[in-house]
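This report refers to the structure that appears directly beneath it.
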Amino acid sequence: MLRKITTILFVTFLFAGQMAFSQNVIFPEVVLKNVPTDIQVQSEVELEYLILNGDTLNLNKTGDNYVMNVVLENDNIQFENTNIQFEKPLVIPGWLSLLPPLIAIILALIFKEVLSSLFLGIFIGAATIGFYGGGVSGIFAAFFTVLDHYILDALLDPGHASVILFSVIIGSIVAIISKNGGMQGVVNRLIKFATNRKSGMLTAYFLGLAIFFDDYANTLVVGNTMRPITDKLKISREKLAYIVDSTAAPIAAVAFITTWIGAELTYISDGISKIEMQQGVVIAESAYGIFINSLAYSFYPVFTLFFVFFLLYKQRDFGPMYKAEVKTIKEGITADTVTNRELEEFNPVKNAKIKAYNAIIPIFIVISGTFLGLLVTGISASNTELLAAGIDLSNGTWAAIGTEGGDSVGFFRKLGIVIGNADSYVALLWSSMAGLAAAIVMTVSQRIMSLKEAMDAMIVGINTMMPAVVILILAWSLAGVTESLSTAEYLKAFFGSDFSHVWVIPALTFVLSAFIAFSTGSSWSTMALMYPLVIPLSFAVAAGDPNFSEMAILYNTIASVLAGSVLGDHCSPISDTTILSSLATSCDHIQHVRTQMPYALSVGAVALFIGVIPTAFGVPSLVAFGVGIVLLYLIVHFVGKKV
């Protein structure tokens, strides 16, 4: 009997010990003082709440773990259950999280030198964390942390590495097709259409619209292809960079089938699930259907495309862009305006055959290969999802796509799902590698260059990309610092109390998304932060006011996140897409930002006051689009000066 009692007590204490140590609270490295922060909780047993510093905090189940929202006034952290395991975070004032990106942006704009500005921004962030973690000695250690933590992490990210590889491979292709005479052949053909400055700009514009499915591919292909033509026509590098930057992201943001779709549909679907859970309603519309309906409120991307066209068609400019254009017309493309000096080595070799197909075929392989790669990776991912969901695949993966709800969907809806599930980085790498191989084979087989000379040309192409790649790496590193410091969360909390009136929600969403994208240099992180916040909020607030349509406000708010993110990216000197535009066109990066920003802000203001706010009050979006487009035309006509 005594043995049984002993065994029972032992098992009871063992189970209690496991219960006691089965809970683990995972704080981020840095928590901002008095800023609501989502904290992950791991537990082997079911939990409803935890008691922290005397406050009862509810837990929400997310996957296998829980999430609780915490507000800390200091680094005093005491759980009622003393057996909970956690590592104490650094608790710092929220305003400090704004310093790294703001310092980097201000210094870059003042001194017109971006490398040192980005490095100092990263150092300020690392030093802030180092000081709160280790005092004065932490500031000195932060100098090395910039390299061994933030820059190294940026390089180890697979997506970042893919962009670097894609960029340098595109540079290699451009170098080879330039030296084998293919690019000159393309120039000779396009020059028939681009006979003057106006037609040259419009050619670049329509090429930008044609490559709609990926903004990276769009930027690098159009920029590198059109640069020799625009140089001959005395179109400034700043103008070409603006055309490339302001067609790539805007067209990718509103096209039905792009590499952006996957992330957007995921965020929208998760937001709809929260609405249904919190409001007790059922939204029959699919995430893709909601995205399509939100395009009626995508004012900034659409207005940007019209604004660029008006500038080019009217041949008018204003602000720094006007000065850049006038200078280029008078002086041409001088050495000072060329970022990469190696471009002088891109002249065709003596044995070059000035044949356009030597460039068209590799470029076509890159463009078509990217789309094909998106289909292959998208169908593969869709197949995996359908198998996991238990969907019948007897008729093939394509036939089963979109049938999860029991209904069949149309061709373009299926295509949208496939592209949304695709791995765009893999597709870009496949296509660029295939294009490079084609360029080398065509060059060597025609005996234009030997294999060694083709390899040398490839290295020259890689070298031309290095300055901008370094800027990209530093920009990503700065984004890592802002993530560590929860910069975006601070901005969200700072503006969060203003979400009070229904009509304010889309407008404030647009402004806040633009500011976060400007400060962090990433539209993707902005969308990841804003969508979970504003989708449930917009529906809940609008549902409580009979004067507003909750679905209309929801569409407007969803569109405002995307539009604001693109606007912030266009204005930010630390944005990867802005940097890529400078890279592809060999434009001085700070000059690109300075000349583009007045245009982006002008369109952004029209989008906000003519589009976002009036439609929140119920003005039909078609009316807002009509008035906004007319206003943009008048701005170009009356404010712009004839170049």
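Out of everything in the stretch 193-218 that is open to solvent by less than 10 Å² (accessible area, probe 1.4 Å) and more than 18 Å from the chain's Cα centre (by Cα), what residue ends up being nearest to Ala422 (Cα to Cα)?
Taking the candidates together, the pick is Ala204.
Go through the stretch 356-371 and report how many residues are more than 17 Å from Ile169 (Cβ to Cβ) and either in contact with a strand residue (DSSP E or B) (Cβ under 8 Å, 6 or more places away or on another chain) or surrounded by fewer than 16 Cβ atoms within 10 Å (Cβ to Cβ) (or both).
Within the stretch 356-371, residues that are more than 17 Å from Ile169 (Cβ to Cβ) and either in contact with a strand residue (DSSP E or B) (Cβ under 8 Å, 6 or more places away or on another chain) or surrounded by fewer than 16 Cβ atoms within 10 Å (Cβ to Cβ) (or both) number 1.
For the stretch 480-490, give me each residue that is within 14 Å of Phe119 (Cβ to Cβ) and surrounded by 24 or more Cβ atoms within 10 Å (Cβ to Cβ).
Scanning the stretch 480-490 gives a single hit, Val481.
Hey, which of the helices (runs of 4 or more DSSP H) in the stretch 361-470, taking only ones fully inside, have at least 3 residues that are over 26 Å from the mean Cα position of the chain (by Cα) and touching a residue at least 60 places away in the same chain (Cβ under 8 Å)?
The qualifying helices (runs of 4 or more DSSP H) are 424-445.
Taking the stated definitions as given, is Lys314 charged (D, E, K, R), modelled with pLDDT of 90 or more and within 29 Å of Val469 (Cα to Cα)?
No, not satisfied.
Yes or no: the stretch 103-117 includes at least one residue that is at pLDDT 85 or above and of a type outside the set (Ser, Thr, Tyr).
Scanning the stretch 103-117 turns up at least one residue that is at pLDDT 85 or above and of a type outside the set (Ser, Thr, Tyr).
Take the residues in the stretch 110-132 that are open to solvent by 60 Å² or more (accessible area, probe 1.4 Å) and in contact (Cβ under 8 Å) with a residue 12 or more places away in the chain; name whichever of them is farthest from Phe518 (Cα to Cα).
Taking the candidates together, the pick is Tyr132.
For the stretch 607-621, give me each residue that is in contact (Cβ under 8 Å) with a residue 60 or more places away in the chain, aliphatic (A, V, I, L, M) and surrounded by fewer than 20 Cβ atoms within 10 Å (Cβ to Cβ).
Selection gives Ile613 alone.
Just give me the residues in the stretch 48-70 being out of contact with any Lys or Arg (no Cβ under 9 Å at 6 or more places or on another chain) and β-branched (Val, Ile, Thr), in sequence order.
Hits for the stretch 48-70 are Ile51, Thr56, Thr62, Val70.
Quick check on Val619: is it in a loop (DSSP other than H, G, I, E, B), at pLDDT 90 or above and out of contact with any Gly (no Cβ under 8 Å at 6 or more places or on another chain)?
So Val619 passes the test.
Only residues that are over 16 Å from Thr578 (Cα atoms) and either touching a Gly at 6+ places or on another chain (Cβ under 6 Å) or open to solvent by 10 Å² or more (accessible area, probe 1.4 Å) (or both): list them for the stretch 517-530, please.
Ala528, Leu529, listed by residue number.
Check whether at least one residue in the stretch 592-606 is over 24 Å from Ala241 (Cα atoms), in contact with a Gly (Cβ under 8 Å, 6 or more places away or on another chain) and either open to solvent by less than 40 Å² (accessible area, probe 1.4 Å) or assigned to a helix (DSSP H, G or I) (or both), and report yes or no.
no
Would you be able to say whether some residue in the stretch 145-152 is over 14 Å from Ile473 (Cα atoms), part of a helix (DSSP H, G or I) and touching a strand residue (DSSP E or B) at 6+ places or on another chain (Cβ under 8 Å)?
no
In the stretch 149-192, how many are open to solvent by 20 Å² or more (accessible area, probe 1.4 Å) and under 15 Å from Ile229 (Cβ atoms)?
The number of residues fulfilling the criteria is 6.
Given (1) under 33 Å from the mean Cα position of the chain (by Cα); (2) closer than 30 Å to Ile124 by Cα, where does Ile77 come up short, assuming only one miss?
Result: Ile77 fails condition (1) only.
Looking at this structure, is Gly640 over 22 Å from Ile251 (Cα atoms) and touching a Phe, Trp or Tyr at 6+ places or on another chain (Cβ under 6 Å)?
The answer is yes for Gly640.
Do we find that Ile235 is part of a loop (DSSP other than H, G, I, E, B) and either touching a Pro at 6+ places or on another chain (Cβ under 6 Å) or at pLDDT 90 or above (or both) in this structure?
yes
What number of residues in the stretch 546-561 are open to solvent by 10 Å² or more (accessible area, probe 1.4 Å) and either out of contact with any helix residue (DSSP H, G or I) (no Cβ under 9 Å at 6 or more places or on another chain) or part of a helix (DSSP H, G or I) (or both)?
Number of matching residues: 6.
Evaluate the stretch 82-95: report whether one residue or more is farther than 21 Å from Ile590 by Cβ, open to solvent by 10 Å² or more (accessible area, probe 1.4 Å) and in a helix (DSSP H, G or I).
Yes, there is a match, as at least one residue in the stretch 82-95 is farther than 21 Å from Ile590 by Cβ, open to solvent by 10 Å² or more (accessible area, probe 1.4 Å) and in a helix (DSSP H, G or I).
How many residues are at pLDDT below 85 and open to solvent by less than 80 Å² (accessible area, probe 1.4 Å) when one looks only at the stretch 13-25?
Counting residues in the stretch 13-25 that are at pLDDT below 85 and open to solvent by less than 80 Å² (accessible area, probe 1.4 Å) gives 6.
Pull up the stretch 48-58, narrow it to residues that are outside any strand (DSSP E or B) and either surrounded by fewer than 13 Cβ atoms within 10 Å (Cβ to Cβ) or at pLDDT 85 or above (or both), then point me to the one that is nearest to the chain's Cα centre (by Cα).
Glu48
Identify all residues within the stretch 317-355 that are under 22 Å from Val244 (Cα atoms), of a type in the set (A, V, I, L, M, F, W, C), modelled with pLDDT of 80 or more and not in a helix (DSSP H, G or I); write none if there are none.
Residue satisfying the conditions is Phe318 alone.
Are there any pairs, at least 6 apart or on different chains, whose C-beta atoms fall under 6 Å, with the first in the stretch 556-584 and in contact (Cβ under 8 Å) with a residue 40 or more places away in the chain and the second in a loop (DSSP other than H, G, I, E, B) and open to solvent by less than 10 Å² (accessible area, probe 1.4 Å), and if so, which?
Listed pairs, sorted by first residue: Ala559/Ser298; Ala563/Ser298; Asp569/Ser575; Ser572/Gly521; Ile574/Gly521; Ser575/Gly521.
Gly568 is checked against (1) modelled with pLDDT under 90; (2) assigned to a helix (DSSP H, G or I) and fails just one. What number does that condition carry?
Among (1) modelled with pLDDT under 90; (2) assigned to a helix (DSSP H, G or I), the lone unmet condition for Gly568 is (1).
Report yes if some residue within the stretch 219-227 is open to solvent by 10 Å² or more (accessible area, probe 1.4 Å), among the basic types (Lys, Arg) and either modelled with pLDDT of 85 or more or not in a helix (DSSP H, G or I) (or both); otherwise report no.
Yes, some residue in the stretch 219-227 is open to solvent by 10 Å² or more (accessible area, probe 1.4 Å), among the basic types (Lys, Arg) and either modelled with pLDDT of 85 or more or not in a helix (DSSP H, G or I) (or both).
Restricting to the stretch 557-578, count the residues that are under 21 Å from Leu107 (Cα atoms), among the aliphatic types (A, V, I, L, M) and more than 12 Å from the chain's Cα centre (by Cα).
Residues in the stretch 557-578 being under 21 Å from Leu107 (Cα atoms), among the aliphatic types (A, V, I, L, M) and more than 12 Å from the chain's Cα centre (by Cα): 0 in total.
The values are calculated or read from the model by the stated rules, or taken from the named source; none is laboratory data. The model shown is predicted, which means the values in this text are computed figures rather than measured ones. Using ideal geometry, Cβ is built from the backbone for each residue, glycine included, and neighbour counts are taken over all protein chains shown. Only protein heavy atoms, including side chains, enter the accessible area calculation; ligands, DNA and RNA are left aside. Shrake-Rupley method; radii C 1.70, N 1.55, O 1.52, S 1.80 Å.
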